[in-house]
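**Student:** Sharing a structure with you now.
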Amino acid sequence: MSAGVRLTALIGTPLADPGVREIVTSTAEALGERNGIRVKVTFVSDDAIELEVEGSQLNATAAAAELRRLTDQWHRGKYDAPLWSAS
């Protein structure tokens with residue numbers, strides 16, 4: 001069983017930048033490795049990423065929340081701007 005989840009950028013198209021896109025996709029894949037679950041990036045656009053996560057919708061939501069937290073923190077540190085959230 002697997003479930004899907006999508007994160008969309010707060011403002012603009014930050015994933016159009018190849019460096020940002022690479023960090024976000026590699027972080028998503030690394031989350032799966034660290035947690036022993038399959039996380040597959042199924043779609044990436046200039047403003048969003050979609051994942052397929054092994055397990056329930058709860059697993060997918062938890063993986064997305066952690067991806068959001070980690071990459072938003074990184075993006076704020078590097079660009080002094082949010083990636084996914086206003087908080």
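**Student:** If the chain were replaced by its equivalent ellipsoid, with semi-axes equal to the square roots of 5 times the Cα gyration tensor eigenvalues, what would those be, largest first, whole Å? Kindly include the intermediate steps, with their values, before the conclusion.
**Tutor:** Numbers: eigenvalues 90, 30, 27 Å².
Ellipsoid half-lengths, sorted descending, are 21, 12, 12 Å.
**Student:** Counting only heavy atoms of protein chains, what accessible area per residue, in Å², does the chain have with a probe of 1.4 Å? Working shown, then result.
**Tutor:** Working: 4880 Å² over 87 residues.
Per-residue accessible area for the chain comes out at 56 Å².
**Student:** Moving on. Would you work out the relative contact order for the chain, in percent, from Cα pairs under 8 angstrom that are 6 or more residues apart?
**Tutor:** 38 percent
**Student:** In whole percent, and with a 1.4 Å probe on the protein chains, what portion of the accessible area of the chain is carbon and sulfur?
**Tutor:** Numbers: 2540 of 4880 Å².
On the chain, the fraction of accessible area on carbon and sulfur atoms equals 52 percent.
**Student:** I need the phi-derived Karplus couplings for segment 68-77: 6.51 cos²θ - 1.76 cosθ + 1.60, θ = phi - 60°, integer Hz, Gly and Pro marked x.
**Tutor:** Listing the rounded values in order: 4, 4, 5, 6, 5, 4, 4, 5, 4, x Hz.
**Student:** Quickly estimate the mean residue ellipticity at 222 nm for the chain, helices only: each DSSP H run with n ≥ 4 gives -39500 (n - 2.57), and the total goes over all residues, rounded to 500. Write out the running numbers ahead of the final one.
**Tutor:** On the way: 2 runs with 41 residues, N = 87.
-16500 deg cm²/dmol, from helical runs alone.
The values are calculated or read from the model by the stated rules, or taken from the named source; none is laboratory data. What you see is a predicted model; the values in this text were computed from it and never measured. Areas reflect the complete protein model, heavy atoms only, side chains present, ligands, DNA and RNA absent. Shrake-Rupley method; radii C 1.70, N 1.55, O 1.52, S 1.80 Å.
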